[in-house]
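Note sheet for the following structure.
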Amino acid sequence: MIEDNSRWLRCPDCDAKTRTKVNEDTVLMHFPLYCHKCKKTIKVNVIEFKIQKSAEPGT
Ligand SMILES: [Zn+2]
């Protein structure tokens, strides 16, 4: 049995599952995550499954 250590990313705005999968050791910085529910792309940082919005420029 192969251990599945990947998960679907969830939209930080509406918590919907996106179609992007990450592994436990995946690190994303300023990743443009597309949410088909919000119909927009949100820049996020992901470290060890912890997802947060990356800071918008100018804020
Ligand atoms: Zn969303």
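The values are calculated or read from the model by the stated rules, or taken from the named source; none is laboratory data. Only a predicted model underlies this, so the values are computations on that prediction, with no experimental measurement involved. Don't worry about glycine lacking a Cβ; one is built from the backbone with ideal geometry, like all the others, and counts go over all protein chains shown. Areas reflect the complete protein model, heavy atoms only, side chains present, ligands, DNA and RNA absent. Shrake-Rupley method; radii C 1.70, N 1.55, O 1.52, S 1.80 Å.
Please report the net charge: other residues with Cβ closer than 13 Å to the Cβ of Asn5, K and R +1, D and E -1.
Details: positive: Arg7, Lys21; negative: Glu3, Asp4, Glu24, Asp25, Glu48.
Here the charged neighbours net out to -3.
Taking square-rooted eigenvalues a ≥ b ≥ c of the alpha carbon gyration tensor, is the chain rounded, prolate or oblate, where a/c under 1.5 means rounded and, failing that, a/b exceeding b/c means prolate? Working shown, then result.
On the way: a/c = 2.86, a/b = 1.54, b/c = 1.86.
Because a/c hits 1.5 or more and a/b fails to exceed b/c, the chain counts as oblate.
Where does the longest stretch of the chain lie that holds no trypsin sites (Lys or Arg not before Pro) found in a DSSP loop with 13 or fewer other Cβ atoms within 10 Å?
On the way: sites that count: Lys37, Lys39.
After excluding every exposed loop site, the longest remaining stretch is 1-36.
Per residue, how much accessible area does the chain have with a 1.4 Å probe, in Å²? Spell out each step's value before the answer.
Details: 4670 Å² over 59 residues.
About 79 Å² of surface per residue is accessible.
Using the crude model of +1 on Lys and Arg Cβ and -1 on Asp and Glu Cβ, and no other charge, please compute the dipole size for segment 1-46 relative to its Cα centre, in debye to 20. Each step should come with its number before you reach the end.
Details: 9 positive and 6 negative charges, 87 e Å.
Dipole of segment 1-46, to the nearest 20 debye: 420 debye.
What does the net charge come to around Lys37 if you take all other residues with beta carbon closer than 15 Å to its beta carbon, with K and R at +1 and D and E at -1? Present the calculation step by step, with values, prior to reporting the outcome.
Numbers: positive: Arg10, Lys17, Arg19, Lys39, Lys40; negative: Asp13, Asp15.
Taking every Cβ under 15 Å from that of Lys37, the sum is +3.
Between Lys53 and Asp15, what length in nm is gained on full extension when 0.36 nm per residue of separation is reduced by their alpha carbon distance? Spell out each step's value before the answer.
Values: separation 38, 0.36 × 38 = 13.68 nm, distance 1.24 nm.
Here the segment from Lys53 to Asp15 would lengthen by 12.4 nm.
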